[in-house]
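K.L.:
Mind looking over this structure? Questions follow.
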Amino acid sequence: KRELFEETALVGVNWLQLDSTCTLPKTIFNDHMYWPKHLHVVPEYAFSVEVQGDPLLSSEHSEYRWCDAIQAQKLLKYDSNRIALWELCERLKDQGKRIPELDRF
């Protein structure tokens, strides 16, 4: 919740932590050289959340795009993000929502 607000100034409702998780190497973070030496990977968690309005981006981000799941799948760079998107679509289908089939990854 804090991350969403700090990075976008948006407030979310109906939060759901997805089962999808992974770890990221600390070297992808700009300030990793100041982190403890014993810390090598950082856990990444995925959430579904409803927001309204447009984000006000923090300095960590330069752009955003609202898009459907198929477009998002094509834009996402990391497997962990594509898997989390797939999980979210499956959960929405379980709730009776009409969700297009994503490409296999």
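K.L.:
Do we have any residue at all in region 34-42 that's under 24 Å from Cys89 (Cβ atoms) and either touching a Pro at 6+ places or on another chain (Cβ under 9 Å) or charged (D, E, K, R) (or both)?
P.N.:
Keep residues of region 34-42 that are under 24 Å from Cys89 (Cβ atoms), which gives none.
No, the conditions are met nowhere in region 34-42.
K.L.:
Among Leu18, Leu57, which is aliphatic (A, V, I, L, M), surrounded by 11 or more Cβ atoms within 10 Å (Cβ to Cβ), touching an Asp or Glu at 6+ places or on another chain (Cβ under 9 Å) and modelled with pLDDT under 95?
P.N.:
On the way: Leu18 fails: modelled with pLDDT under 95.
Matching residue, one of Leu18, Leu57: Leu57.
K.L.:
Tell me the residue from Glu6, Glu44, Glu63 that is charged (D, E, K, R) and loosely packed, with under 10 Cβ neighbours inside 10 Å, please. First the steps, then the outcome.
P.N.:
Values: Glu6 fails: loosely packed, with under 10 Cβ neighbours inside 10 Å; Glu44 fails: loosely packed, with under 10 Cβ neighbours inside 10 Å.
Sole residue among the options that is charged (D, E, K, R) and loosely packed, with under 10 Cβ neighbours inside 10 Å: Glu63.
K.L.:
Only one of (1) exposed (fewer than 10 other Cβ atoms within 10 Å of the Cβ); (2) under 13 Å from the mean Cα position of the chain (by Cα) is not met by Glu101, so which one is it?
P.N.:
Unmet condition: (2).
K.L.:
For Glu87, indicate whether it is among the acidic types (Asp, Glu), more than 19 Å from Glu7 (Cα to Cα) and either more than 11 Å from the chain's Cα centre (by Cα) or assigned to a loop (DSSP other than H, G, I, E, B) (or both). It would help to see each step written out before you state the result.
P.N.:
Working: among the acidic types (Asp, Glu): yes; more than 19 Å from Glu7 (Cα to Cα): yes; either more than 11 Å from the chain's Cα centre (by Cα) or assigned to a loop (DSSP other than H, G, I, E, B) (or both): yes.
Taking the combined requirement at face value, the residue satisfies it.
K.L.:
Which of the residues that make up region 28-41 are modelled with pLDDT of 95 or more and surrounded by 11 or more Cβ atoms within 10 Å (Cβ to Cβ)?
P.N.:
His32, Trp35, His40, Val41 - these are the residues of region 28-41 that are modelled with pLDDT of 95 or more and surrounded by 11 or more Cβ atoms within 10 Å (Cβ to Cβ).
K.L.:
Report whether or not Ser80 is assigned to a helix (DSSP H, G or I), among the small types (Gly, Ala, Ser) and either surrounded by fewer than 12 Cβ atoms within 10 Å (Cβ to Cβ) or within 16 Å of the chain's Cα centre (by Cα) (or both). Steps first, please.
P.N.:
On the way: assigned to a helix (DSSP H, G or I): yes; among the small types (Gly, Ala, Ser): yes; either surrounded by fewer than 12 Cβ atoms within 10 Å (Cβ to Cβ) or within 16 Å of the chain's Cα centre (by Cα) (or both): yes.
Yes, satisfied.
K.L.:
Related question: Kindly establish whether Val11 is assigned to a loop (DSSP other than H, G, I, E, B) and among the β-branched types (Val, Ile, Thr). Show your work before the answer.
P.N.:
Values: assigned to a loop (DSSP other than H, G, I, E, B): yes; among the β-branched types (Val, Ile, Thr): yes.
In short, yes.
K.L.:
Can you tell me which residue is farthest from Glu50 (Cα to Cα) among those in region 90-105 that are among the charged types (D, E, K, R) and part of a loop (DSSP other than H, G, I, E, B)? First the steps, then the outcome.
P.N.:
First, the residues of region 90-105 that are among the charged types (D, E, K, R): 90-91, 93-94, 97-98, 101, 103-104.
Those still in the list that are part of a loop (DSSP other than H, G, I, E, B) too: 97-98, 101, 103-104.
Values: Lys97: 15, Arg98: 17, Glu101: 21, Asp103: 24, Arg104: 26 Å.
Per the criteria, the residue is Arg104.
K.L.:
On to the next question. Enumerate the pairs (first residue in region 19-39 and without any contact (Cβ under 8 Å) to a residue 60 or more places away in the chain and among the charged types (D, E, K, R); second residue anywhere and surrounded by 10 or more Cβ atoms within 10 Å (Cβ to Cβ) and part of a strand (DSSP E or B)) with beta-carbon separation below 7 Å, excluding pairs fewer than 6 apart on the same chain, so at least 6 apart or on different chains.
P.N.:
Lys26/Val41; Lys26/Val42
K.L.:
Taking region 50-74 only, how many residues are farther than 21 Å from Thr21 by Cβ and either of a type in the set (A, V, I, L, M, F, W, C) or part of a helix (DSSP H, G or I) (or both)? Step through it out loud before you land on a result.
P.N.:
Filtering region 50-74 down to residues farther than 21 Å from Thr21 by Cβ leaves 50-68, 70-71, 74.
Narrowing the set further to residues that are either of a type in the set (A, V, I, L, M, F, W, C) or part of a helix (DSSP H, G or I) (or both) leaves 51, 56-57, 66-67, 70-71, 74.
So the count comes out to 8.
The values are calculated or read from the model by the stated rules, or taken from the named source; none is laboratory data. No experiment lies behind these values; they were computed from the predicted model shown. Cβ: placed from backbone, ideal geometry, glycine included. Neighbour counts: every protein chain shown.
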